[in-house]
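Working notes for the structure below.
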Amino acid sequence: MISGPPAAGKGTQCEKIVKKFGLIHISAGDLLRAEVNAGTESGKLAAEYMNKGQLVPNQVVVDMVKHRLAQPDVQEQGWLLDGYPRSADQAAAILEEGIHPDVFLLIQVPDDSLIERVVGRRMDPQTGQIYHLTFKPPPRDTLDRLIQRSDDTEEKARARLEVHAGNVASVLDYYQDCLVEIDGSQDIKAVGSAIEDVLDTFQQSNSLEEFQHELAANT
Ligand code: AP5
């Protein structure tokens, strides 16, 4: 699982992780945006909350994520869950199904940097690539088609930050055994290396105890 405040770099790092480890990336935000774009009833309800930077009600999110986790590609390849759970209730709902991660990555970034990342973010609708006007400049030939998410304004980002700050501790309670904090204030490559080191260490460990011991020895 990967977690962190809005624009911490979760999506950016997920792209690298799934390439290296062959996992399926499940982003709660992407699943919700797909519902919104498809104009479904769930999507219409979700849009009301997303536009205000608030959490979408569990009646929409929980079954949507559980359903994706149960699909054959995910069962075969393994999963990287991004942006879920965002509350204790959401964590409890998947624990009931026996779903617990091997590693829970929490990307930490100071608020001011997050706002800068939010307002400069652009997405290529053709490729799904995430760019930043300063930190990860898009290729020139994509500039005309880039889009900005409707919740990527400073005001909405501050609301999303508040929601994250209000919920994160109760989510972390569920994952103390496998929690690893990552310094997300570094550049994209350095954050990627830090995550890769953690996941390599996990793969080379024979048990959760050995993994925790290795992590403690390396910090
Ligand atoms: P969601 O789509 O999950 O948004 P989020 O958590 O706010 O995260 P973001 O997608 O904004 O950022 P990110 O961390 O992926 O950063 P990125 O890699 O793009 O959720 C949206 C909404 O959906 C929520 O507000 C809520 O309404 C709803 N929702 C979602 N999940 C829900 C749930 N479980 N329950 C209820 N509601 C839910 O990077 C950001 C920018 O920074 C990019 O431009 C990137 O190029 C740049 N960047 C990345 N890393 C670095 C770096 N190290 N240095 C400099 N720039 C960087």
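The table below gives the values:
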item: Calculated from backbone phi, Karplus (6.51, -1.76, 1.60) coupling profile of the stretch 154-171 in Hz, x at Gly/Pro; result: 4, 4, 5, 5, 5, 5, 5, 4, 5, 4, 4, 4, x, 10, 4, 4, 5, 6
item: Loop sites in the stretch 9-114: trypsin sites (Lys or Arg not before Pro), DSSP, at most 14 other Cβ within 10 Å; result: Lys52
item: The stretch 172-211 versus the stretch 64-141: alpha-carbon centroid distance in Å; result: 16
item: 5 Å-binned pair-distance histogram of the chain (Cα, whole percent); result: 1, 6, 14, 18, 21, 19, 12, 6, 2, 0, 0
item: Whole-Hz ³J(HN,Hα) from phi, Karplus 6.51 cos²θ - 1.76 cosθ + 1.60, for the stretch 25-37, glycine and proline x; result: 7, 10, 9, 4, x, 5, 4, 5, 5, 5, 5, 4, 5
item: Tally of Lys pairs whose C-alpha atoms are under 29 Å apart, taken over the chain, 8 or more apart or cross-chain; result: 28
item: Theoretical ellipticity at 222 nm over the chain - DSSP helices of four or more residues, -39500 (n - 2.57) apiece, nearest 500; result: -16500 deg cm²/dmol
item: GluC sites (Glu not before Pro) within the stretch 1-107, DSSP loop, no more than 14 other Cβ atoms inside 10 Å; result: Glu96, Glu97
item: GNM top mover of Ala47, Ala92, Ala70 - the chain, alpha-carbon springs below 10 Å; result: Ala70
item: Selected from Thr201, Val36, His164, residue furthest toward positive end of dipole (the chain; charges at beta carbon); result: Val36
item: Length-normalised contact order of the chain in % [C-alpha pairs under 8 Å, at least 6 apart]; result: 28
item: Contact order normalised by residue count of the stretch 105-219, Cα under 8 Å, 6+ apart, percent; result: 30
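No lab work stands behind these numbers, since they all come straight from the coordinates. Keep in mind the model is a prediction, meaning the values are calculated, not measured. Cβ atoms come from the backbone with ideal geometry, glycine included; neighbour counts cover every protein chain shown.
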